[in-house]
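The numbers here are math on the coordinates, done by the rules we state, and not lab data. Since the model is a prediction, treat every value here as computed from it, not as a measurement. All Cβ positions, even for glycine, are placed from backbone atoms using ideal geometry, and neighbour counts span all protein chains on display.
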Amino acid sequence: MSRERPEETTVEDVLEQLETLERAVDDPEERAEVVEARRLVTRLSRGGLFGSVITSFTRKDKAEAFVGSVLIGLPLLVEDGVIEIGEFLAAHPPFFVANLVFATAVVIGILYVSKFQEVRITDPYFGVVPRRLVWVLAIAFVTATLLMTMWGRVTWDEPWVDLCRVSVIFTAMAIGGSLADILPGED
C-alpha cells in the first residue's frame, strides 16, 4: 500500500487503517482483535488522550495552573538554595533577565511547541500575546510572591533582592503551572 501519508496522523487516519485491516483479515479471532482495537482507539479519542484540542482558558484551567504551581513550588520554598540563587541573580541583573526569559521560553515550549496537547491560541491580548501564557505566568508569579511573603522567605526590606528570590520560585512554579494546566486536557 503506497498511499501518501499526511504530516500528522489523526485519530481518523488510525480508525480508517483499522477498518481497512478489518476487511482484509480472514481469521475470525484476528478480526475480533482488530474490532477491539478500533473500539479502544475510539474510546481513547473521546476520553481526551488523543486528538483533544485546547482552545479556551477557563477558571478550571486557572485552578489547574495554580495547583501545579503550588505542587512544584512548595518543596522549593523551604530550600535555602533559593535564597542563595536569588542573591546571585540580584548581583548579576543580566542573569535575572535570562532567568525570566528562560522561564517564559520553557512555558511557551510546554504549552505550544511540545504538543503534549494541541493548544490553540484564541483571542490573544493585543492580537498577539496568548491569554493562556499570560495567565499561567501571572498565576505562578503571584503564587510565588504570596507564599514566599507569607512564609517569611522574603521580607521586602531589600525589594530587588527579594524580587530576584521570588523569580527563582516563579520559574519552577511557571513550569509546574503550565504542565498542570494542559496535561489533564480539556472537557
**Request:** Pull up all non-local amide H partners of Val119: gap of 5 or more, or a different chain, and H-to-H distance under 5 Å with H placed in the peptide plane.
**Result:** Ile54
**Highest to lowest packing among 148-161, 16-29, scored as the average C-beta count within 10 Å** = 148-161, 16-29
**Fill in**
With x for Gly and Pro, the residue-by-residue ³J(HN,Hα) of the stretch 154-162, computed from phi through the Karplus equation 6.51 cos²θ - 1.76 cosθ + 1.60 at θ = phi - 60° and given in whole Hz, is 9, 10, 6, 5, 10, x, 5, 5, 5
**Asked** Residue by residue through the stretch 62-78, which ³J(HN,Hα) values in whole Hz follow from phi under the Karplus form 6.51 cos²θ - 1.76 cosθ + 1.60 (θ = phi - 60°), with glycine and proline marked x?
**Response** 5, 5, 4, 5, 5, 4, x, 4, 5, 4, 7, x, 4, x, 6, 4, 8
**Prompt:** For the stretch 86-102, what does the Karplus curve 6.51 cos²θ - 1.76 cosθ + 1.60, with θ = phi - 60°, yield as ³J(HN,Hα) per residue in whole Hz, taken in order and with x for Gly and Pro?
**Reply:** x, 5, 4, 5, 5, 7, 10, x, x, 6, 4, 4, 4, 4, 5, 5, 4
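Once you order the gyration tensor axes a ≥ b ≥ c over the Cα atoms, which shape class does the stretch 53-182 get: rounded for a/c under 1.5, otherwise prolate or oblate by comparing a/b with b/c?
prolate
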